[in-house]
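The values are calculated or read from the model by the stated rules, or taken from the named source; none is laboratory data. Every value quoted in this text rests on a predicted model; they were computed, and no experiment measured them. Glycine also receives a Cβ, built like all others from the backbone with ideal geometry; neighbour counts cover every protein chain displayed. The protein model used for the area step is the full one, side chains on, heavy atoms only, and it has no ligands, DNA or RNA in it. Shrake-Rupley method; radii C 1.70, N 1.55, O 1.52, S 1.80 Å.
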Amino acid sequence: MTPAEPLPTPYPISTERLLLRIMRSTDAEVFAAYRNDPEVARHQLWDLPFTEQDAHGVLDDQDELTDLVIGGWTQLAVEQDGEVIGDVCCNIDETGGIAEIGYTLSRAAQGHGYATEAATALAEDLVERIGVGRLYAELDPVNVASQRVLENIGLSYEYTTKHSFLWRGEWTDNMGYGATAEEWRAWRDRPSSPPVDVHLVPLTTTNAEAYGALRTHHSQKRFVATMADSFADALFPEVVNGAPAVLRTYGVEADGEPVAFVMIAEVTPAHPEPFLWRLLVDRRHQRRGIGTRALDLLHDVLLAEGCKTLQTSWYDAPGGPRSFYLRHGFVETGEMLGEETIGRLALADRDADLLR
């Protein structure tokens, strides 16, 4: 196909909560309004002020379009209940084989999953109808919210290049996420429902490699150590209260598949309480309730060993695990472990509770 050649159109596309359609010059006023918001533009490429004239410069050429184009950018309005709340866009290269994607939402529309929902629909169209073989996106490395959107739609972190992007007169770092069509389909088709059978398994020479391959999302590495770091800790335990921690590792198997990793520091004369050292759920298996199931299984193991409490710690920042632990009964102790908050869980005999 030649550049700018229109394709057979499915637009507008409806999702569960949204509608995606080609943007027109008539959208210039609302387009300019949210793009001119300094908070919305903070990590974006355009300069401020972003005027209606600037908006027309982007949208006027789209008035006759009925679909995405090959060899250029297309802006798609994202509507919720008939109101434009932002846009998603794509730049399909001249071969039709590679597409860059982007998204922008008004400030009021952020934080509701709309960007993920709209970008997922666009990715589906690009891969399954257009036949794109690779999706990618570039972003400001400090934009963690955008990282999470890309991870949610099936793209993986690929690189960060230093001082490689000229942005508003200053050389800054640039981050890239991407996925092949095959990788994207594997993400789309991954298990999503709660597993039936979940249990803890000891790590051995037979299964260590499979569990060592588990990985969290790149945006979560601020909160969860990599498997390589966890294995290093197990091999060279940290000295706590004057004695090396005694670490015990478990894999978490769900319906026959390695899905998560748990490591605890055992009770010793120098360490009177067990400590949850690591809890990592593989990126493909998050949001299936596996973290909860793993914590419940560990609870029962420790209770059977006579333990009364379990401690852990977390880095308290947006996107971190604090809410997960508080929701499962951990209570902040008021103590800190470096920059991390310490929490304690009282282990209860749940069978005895049911008999009361």
Dipole in debye (nearest 20) - the chain, about Cα centre, beta carbon charges: Lys, Arg +1; Asp, Glu -1: 1160
Carbon and sulfur %, accessible surface of the chain computed with the full protein complex present, 1.4 Å: 53
Charge dipole (debye, nearest 20) of segment 28-93; +1 at Cβ of Lys and Arg, -1 at Cβ of Asp and Glu: 300
Gain upon complete extension [GLU52, ASP229; 0.36 nm per residue less C-alpha separation]: 58.7 nm
Contour minus Cα-Cα distance for MET336 and GLU39 (0.36 nm per residue): 103.6 nm
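At a Förster distance of 35 Å, what's the computed FRET efficiency of TRP73 paired with GLU209, Cβ-Cβ distance as r, to 0.05? Walk me through the numbers on the way to the answer.
Details: r = 43 Å, r/R0 = 1.24.
Efficiency, rounded to the nearest 0.05: 0.20.
Once R0 is set to 51 Å, what does the formula 1/(1 + (r/R0)^6) return for the Cβ-Cβ distance between ALA243 and GLU182, expressed as a FRET efficiency to the nearest 0.05? Each step should come with its number before you reach the end.
Numbers: r = 49 Å, r/R0 = 0.96.
Computed FRET efficiency for ALA243 and GLU182: 0.55.
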Segment 163-319, accessible area per residue, ligands and nucleic acids excluded (1.4 Å, Å²): 51
Backbone HN-Hα couplings from phi across segment 255-270 [Karplus 6.51/-1.76/1.60, Hz, Gly and Pro as x]: 6, x, 10, x, 10, 7, 9, 10, 9, 10, 8, 6, 6, 9, x, 8
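With all protein chains present and a 1.4 Å probe, how do PHE330, PHE231, PHE223 order by accessible area, largest first?
Of PHE330, PHE231, PHE223, the descending order of accessible area is PHE231, PHE223, PHE330.
So what's Rg/Rh here for segment 106-222, counting alpha carbon atoms and using the Kirkwood radius for Rh? Each step should come with its number before you reach the end.
Working: Rg = 17.4 Å, Rh = 16.7 Å.
Here the Rg-to-Rh quotient is 1.04.
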J(HN,Hα) series, segment 294-300, from Karplus relation 6.51 cos²θ - 1.76 cosθ + 1.60, nearest Hz, glycine and proline x: 5, 5, 5, 5, 5, 3, 5
Per-residue HN-Hα couplings for segment 196-201 [Karplus 6.51, -1.76, 1.60; θ = phi - 60°; Hz; x = Gly/Pro]: 7, 10, 10, 8, 8, 10
Total charge dipole magnitude, segment 1-121, about the Cα centre, Cβ charges on Lys, Arg, Asp, Glu only, Debye to nearest 20: 340
Nitroxide proxy distance, nm - points 7 Å out along Cα→Cβ at ALA270 and ASP316: 2.8
Stretchable slack from ASP60 to GLU29, in nm (0.36 nm times residue separation minus alpha-carbon distance): 9.9 nm
Tensor-based shape of segment 198-255 (alpha-carbon gyration tensor, a/c under 1.5 rounded, otherwise prolate or oblate): oblate
Amide proton proximity set for GLN75, modelled H, under 5 Å, gap of 5+: MET23
Rg/Rg_ref, the chain, where Rg_ref = 2.2 N^0.38 Å and atoms are Cα: 1.18
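What's the long-distance tail for segment 1-124, i.e. % of Cα pairs beyond 25 Å? Please list the in-between numbers first.
Details: 1467 of 7626 pairs.
Of all Cα-Cα distances in segment 1-124, 19 percent exceed 25 Å.
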Global geometry of segment 235-356, whether rounded, prolate or oblate, following the gyration tensor of its Cα atoms and the 1.5 cut on a/c: rounded
For THR172, residues with placed amide H under 5 Å, excluding near neighbours: SER164, PHE165, LEU166, TRP167
